[in-house]
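J.: Have a look at the structure that comes next, please.
Just so it is clear, none of the values below were taken in a lab; they were calculated from the coordinates. These numbers were taken from a predicted model, which means no experiment stands behind them. Glycine also receives a Cβ, built like all others from the backbone with ideal geometry; neighbour counts cover every protein chain displayed.
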Amino acid sequence: MERAPDPTTRAPADGGGLTRRRTRRSVGERAVLGFLGAAAVLSVLTTTGIVLTLVVESIPFFEHVAPKEFLTGTGWSPLAGGGSQAFGVLPLVWSTLYLTLVALAVAIPLGLGVGILLAEYASARVRRTVKPVVEVLAGVPTIVFGYFALTFLTPLLQEHLGIELQIFNGLSAGIVLGILVLPTIASVSEDAMSAVPQSLREGAFGLGAAKRQVVVRVVFPAALSGIVAALVLGASRAIGETVVILVAAGNTPSLTTDLGTAHQNMAAFIANVARSDVSAGSVAYDTIFAVGLTLFAITLALNLVAIRFVRRYRQVYE
C-alpha cells in the first residue's frame, strides 16, 4: 500500500532529494523567532549602552575625585559651596541599603504570607479575587505612596504611637517602601509555590503530614528558587525607588541607624541633583553618573548572588 505524499515536501527538478516546502506556518514561526531574537539583542544593546554611558560620563568625576576617597569617605555634600564639598559616598550607600532592609522587613513576612495563603490555603474563588486586588498596589503611582507616608503615616506614628519622628524620616518611608514592593514578592512567590507538582503534596499527606508541615517542609523548599527570585525583584525595586524617598525621607544621607531622622538613597539623590540648578560639566553634576554607576554595581552584585543561589538550589520536575 503506497503512502500518500507529504504535502510539506516536494521533489526538486533534478530529483536529488526532498526539501521542505515553505508553508504559512513555517514562515510565521520564523517571523516569531526573528522577533524574539531581535528583542534579546535589543535588551543586550540597551544594557551595554547604559553601562558605557555611566562609565564614560563618570570618568571626568574620577579625574577630580580619587576613587578611594569616593568609596571610603564618610562625608557627602557635593552641592555645598565655598570649597566645603565632600564626596564620600558611604552615607548615601548606607541610607540606600538601610531603607531597603526596613522595606524588606515589612515586605518579606507580609508578601510571603500572602503568597502562601493564596497558593496553599485559599480556594480558587478567593484566589481569583484577592490576587488581582494585591497586584493593584503595584499599579499605584509611587508619588501617591510618598505623600501617603508624609501626610498620613508620619502623623499617625507621631500622635498615636508616640514615636519621635522628624517630618521627613526613614521609618515612614521604609514602611511604605515595603508596602510598595509587597505585591511583587507576593505574586512571584505565589506563582512559584503553585508550580510545585501536586504529587509532592499528595505524597506528604499520604505519609501523615499535616497541612502546615507540607507547606513548610515540602512546598516552601521546593519553590525556594522562585521565592528567592521574588525577594531579589523586591529588593531591586526598593534599592532603585526614587519618589517615595524623595518625598517622605528627606534629602540628608547619613551613617546613623536612627530611623526618626531624614535619609536619602542614591536614586533620590540623582533625581534631586537632576532637578536642581547645577551647571552641566561641573563636578557636582558629574556626581549623578558616579552615583548611578555605584547603584548599578550594587544592583548587579545583588542579582549575580541571587542567580548563583537559584542555580544551586533549583529543582526541576517532570
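J.: For the range 183-194, does any single residue satisfy the condition of being surrounded by fewer than 22 Cβ atoms within 10 Å (Cβ to Cβ), more than 25 Å from the chain's Cα centre (by Cα), assigned to a helix (DSSP H, G or I) and among the charged types (D, E, K, R)?
T.: Within the range 183-194 (the criterion being surrounded by fewer than 22 Cβ atoms within 10 Å (Cβ to Cβ), more than 25 Å from the chain's Cα centre (by Cα), assigned to a helix (DSSP H, G or I) and among the charged types (D, E, K, R)), the answer is no, since none of the residues qualifies.
J.: Within the range 277-295, does at least one residue satisfy the condition of being within 17 Å of the chain's Cα centre (by Cα), of a type outside the set (A, V, I, L, M) and surrounded by 16 or more Cβ atoms within 10 Å (Cβ to Cβ)?
T.: Scanning the range 277-295 turns up at least one residue that is within 17 Å of the chain's Cα centre (by Cα), of a type outside the set (A, V, I, L, M) and surrounded by 16 or more Cβ atoms within 10 Å (Cβ to Cβ).
J.: Moving on to the next point. Identify all residues within the range 93-107 that are more than 19 Å from LEU233 (Cα to Cα) and surrounded by fewer than 16 Cβ atoms within 10 Å (Cβ to Cβ); write none if there are none.
T.: Residues satisfying the conditions do not exist here.
J.: Within the range 162-171, can one find any residue that is crowded, with 17+ Cβ neighbours inside 10 Å, of a type in the set (S, T, N, Q) and not in a loop (DSSP other than H, G, I, E, B)?
T.: no
J.: Turning to a different aspect of this structure: Does the range 296-314 contain at least one residue that is over 20 Å from GLY49 (Cα atoms), in a helix (DSSP H, G or I) and over 19 Å from the mean Cα position of the chain (by Cα)?
T.: Yes, because at least one residue in the range 296-314 is over 20 Å from GLY49 (Cα atoms), in a helix (DSSP H, G or I) and over 19 Å from the mean Cα position of the chain (by Cα).
J.: Would the range 220-236 turn up any residue that is more than 30 Å from GLN198 (Cβ to Cβ) and not aromatic (Phe, Trp, Tyr)?
T.: Checked against the condition, which is being more than 30 Å from GLN198 (Cβ to Cβ) and not aromatic (Phe, Trp, Tyr), the range 220-236 yields at least one hit.
J.: Further question on the same structure: Any idea how many residues of the range 164-175 are over 24 Å from the mean Cα position of the chain (by Cα) and either farther than 16 Å from THR256 by Cβ or among the acidic types (Asp, Glu) (or both)?
T.: Start the filter on the range 164-175 by keeping residues that are over 24 Å from the mean Cα position of the chain (by Cα), which leaves 164-168.
Narrowing further to those that are either farther than 16 Å from THR256 by Cβ or among the acidic types (Asp, Glu) (or both): 164, 167.
Final tally of qualifying residues: 2.
J.: Against the definition (in a loop (DSSP other than H, G, I, E, B) and of a type in the set (S, T, N, Q)), how does THR287 come out, yes or no? Outline the logic, then answer.
T.: On the way: in a loop (DSSP other than H, G, I, E, B): no; of a type in the set (S, T, N, Q): yes.
Against the criterion (in a loop (DSSP other than H, G, I, E, B) and of a type in the set (S, T, N, Q)), THR287 does not qualify.
Listed here are the residues, each with its yes/no results for (1) crowded, with 20+ Cβ neighbours inside 10 Å; (2) part of a loop (DSSP other than H, G, I, E, B).
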position	(1), (2)
LEU52	no, no
VAL56	no, no
PHE61	yes, no
GLU69	no, no
THR74	no, yes
PRO109	no, no
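J.: Only one of these is in contact with a Gly (Cβ under 6 Å, 6 or more places away or on another chain) and not in a loop (DSSP other than H, G, I, E, B): VAL219, VAL244, VAL228, VAL273. Name it.
T.: On the way: VAL219 fails: in contact with a Gly (Cβ under 6 Å, 6 or more places away or on another chain); VAL228 fails: in contact with a Gly (Cβ under 6 Å, 6 or more places away or on another chain); VAL273 fails: in contact with a Gly (Cβ under 6 Å, 6 or more places away or on another chain).
Testing whether each residue is in contact with a Gly (Cβ under 6 Å, 6 or more places away or on another chain) and not in a loop (DSSP other than H, G, I, E, B) leaves just VAL244.
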